[in-house]
Amino acid sequence: MSAATTPADTVPSTFAAHLGALARRQPDAVAVLDRDQPLTAAELHAAVGRLAAGLAQAGVGPGSRVAVWLPNCAEWVVAFLACAHLGALVLAVNTRFRAAEVADILGRGRAQWLVYWPAFKGIDFAAILDDVPDSALHALRGVIALDEAAHSAPVPAQVRGRPVLSWRQLANSHAAVEPSATDDAGVLCFTTSGTTSLPKFVLHDQGTLLRHGHAAAQAYGYDDDARILAAAPFCGAFGFAMLVGALARGVPLVCEPVYDTARTAQAIRRHRITHAFANNEALAQLFQSGQPGDFATLRLCGFASFAPALDNLLELAASHGVPLTGLYGSSELIALVAAQPLDAAQGDVSVRYLAGGLLIYPQARARACDPQSGAVLPHGQSGELQIHTPSLMRGYLDNPQATADALTPDGYFKTGDLGYSVGPRQFVFQARLGDSLRLAGFLVNPAEIEQLVESLPGVRACQVVGATRQGKTVPYAFVLLHPGAQADPHAWHAACRRALAGFKVPAGFHVLQSFPSVESANSVKIQKHKLRDMAIALLAAAPAGTRP
């Protein structure tokens, strides 16, 4: 990671202005590679202009809300930039979402238009939309269906009584429409994962997103030869950060509508990818499937820690000679807002392989605070991570109270994450604060207990939660077994007693076939609140005084 600089004030602060400047400066440079098909800056600029004109004729304008339900493809980029051109707001929808999730975004997001690809990946979009309640469609005026020849499929004339407009016709409009957005215009909403409650809609404006793209490009060393892999969906903050960084610097972004590990490894080699960012599970699978030489062009590979029981990522990366570092981001702060430094002159490199990082903005600050008193804690002491950075969201859409609750009086975002500061801008992420444990008066990272349990015979993965027993919070372990292994809770308990302080020893062990989870744009996230409910019930049902 190179030294960060604040993007110059002269950088265009709307996407329309930036794309126009990029097309004039390097018209023949590849902007997007979609399924190996290049789209130059000039072609992208022209496609955005045509679609923007078609959308304007259909009634899309400043303040309109457009739900984009597309995978990682050139059309996603064009749709987003066309909406940005018009000053419309994009509500990003994951293609993995089904009726309840789509209904939530269309309803609470008050979407007026829905863009989708009826033939994508064999998904029955019509059936999904049929299951969306009428109440969620109260603002919907129409649907735009991707019907290019390459994506041919029958497109109905109406969906739920709303007209279906042809992408092909809209994208071939020859009318010109002037950009009407300002840098502070809301342009994109991510949805939070909603593991314990309804997702929030995180609103970002044009200027913030573009400035973040420039800052990320500078911080991660994008130069004229850089090529960025789009390894996560654009509908989430992680994938969008890859898109906006490449767009800001004017370097190629390589994407595929359907992520395939083997195909991705081949694409890295074929297109000479220099930067790849993904969750730890995806990277581990990528390195396992890769052949010698596949990753020789990678200059930097960053990972976010989402999956449990993955302790071989470093070895896999080292076997391919790939430089690896931990990352941090969120929907509210945008992804890639921090990465652990590779150079000791920039920060503490001893935590390079831990999630978190050095904030990419020189003026940004990170701190850990006591969750109860709010007091700022010294470096190295775990508490709630709070971050002050220029990439902060505008707020939660239509929810000013939630926005106010998320910020401290001095403007820090309360991340809800457990971690500790290393320096004024550098920190380590440990767990979601709601997943941390207050045991015998001490704040404990459950990963400490999980890692020990995962080292025990037969255990493939472990999740530890806090549960109440006799008025006190105690740890409880849920485990997945290796194939053919047998549960041995008594031996596990004895091993934990030998290795851990007494208050960290799990009060029980319970074997599951899988952990309860919910899909987000970036990964599958474990629903620890469901595990906590299970642990409380299991402890309540256990005979008094029993041990594992």
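Brief remarks on what is shown
- First in segment 277-299 and loosely packed, with under 15 Cβ neighbours inside 10 Å, second anywhere and part of a loop (DSSP other than H, G, I, E, B), Cβ under 8 Å, 6 or more apart: P292/H320; A296/G321
- Number of positions in segment 17-32 that are in contact with a strand residue (DSSP E or B) (Cβ under 9 Å, 6 or more places away or on another chain) and open to solvent by 10 Å² or more (accessible area, probe 1.4 Å): 7
- The residue that is farthest from A29 (Cα to Cα), counting only those in segment 191-231 that are at pLDDT below 95 and hydrophobic (A, V, I, L, M, F, W, C), is L198.
- Matching residues in segment 376-410 - criterion: being farther than 24 Å from A219 by Cα, among the polar types (S, T, N, Q) and in contact with a His (Cβ under 9 Å, 6 or more places away or on another chain): T408
- Note on segment 436-548: enclosed helices (runs of 4 or more DSSP H) holding 2 or more residues that are more than 30 Å from L283 (Cβ to Cβ) are 489-499, 528-541.
- Scan of segment 351-366 for residues that are modelled with pLDDT of 95 or more and over 15 Å from A431 (Cα atoms), ordered by number: L358, L359, I360, Y361, P362, Q363, A364, R365, A366
- For segment 33-54, the candidate set comprises residues that are without any contact (Cβ under 8 Å) to a residue 40 or more places away in the chain and over 27 Å from D260 (Cβ atoms); within that set, the residue that is surrounded by the most Cβ atoms within 10 Å (Cβ to Cβ) is V48.
- V322 vs. criteria open to solvent by less than 40 Å² (accessible area, probe 1.4 Å), without any contact (Cβ under 8 Å) to a residue 40 or more places away in the chain and over 24 Å from T208 (Cβ atoms): yes
- Residue under evaluation R432, criteria (1) open to solvent by 30 Å² or more (accessible area, probe 1.4 Å); (2) more than 16 Å from A364 (Cα to Cα); (3) modelled with pLDDT of 95 or more, criterion not met: (3)
- Residues located in segment 82-123, provided they are open to solvent by less than 10 Å² (accessible area, probe 1.4 Å), within 20 Å of the chain's Cα centre (by Cα) and closer than 26 Å to P179 by Cα: V90, L91, A92, V93, G109
The values are calculated or read from the model by the stated rules, or taken from the named source; none is laboratory data. Keep in mind the model is a prediction, meaning the values are calculated, not measured. In this analysis, Cβ positions are derived from the backbone assuming ideal geometry, glycine residues included, and neighbour counts consider all displayed protein chains. Heavy atoms of the whole protein, side chains included, go into the accessibility calculation; ligands, DNA and RNA do not. Shrake-Rupley method; radii C 1.70, N 1.55, O 1.52, S 1.80 Å.
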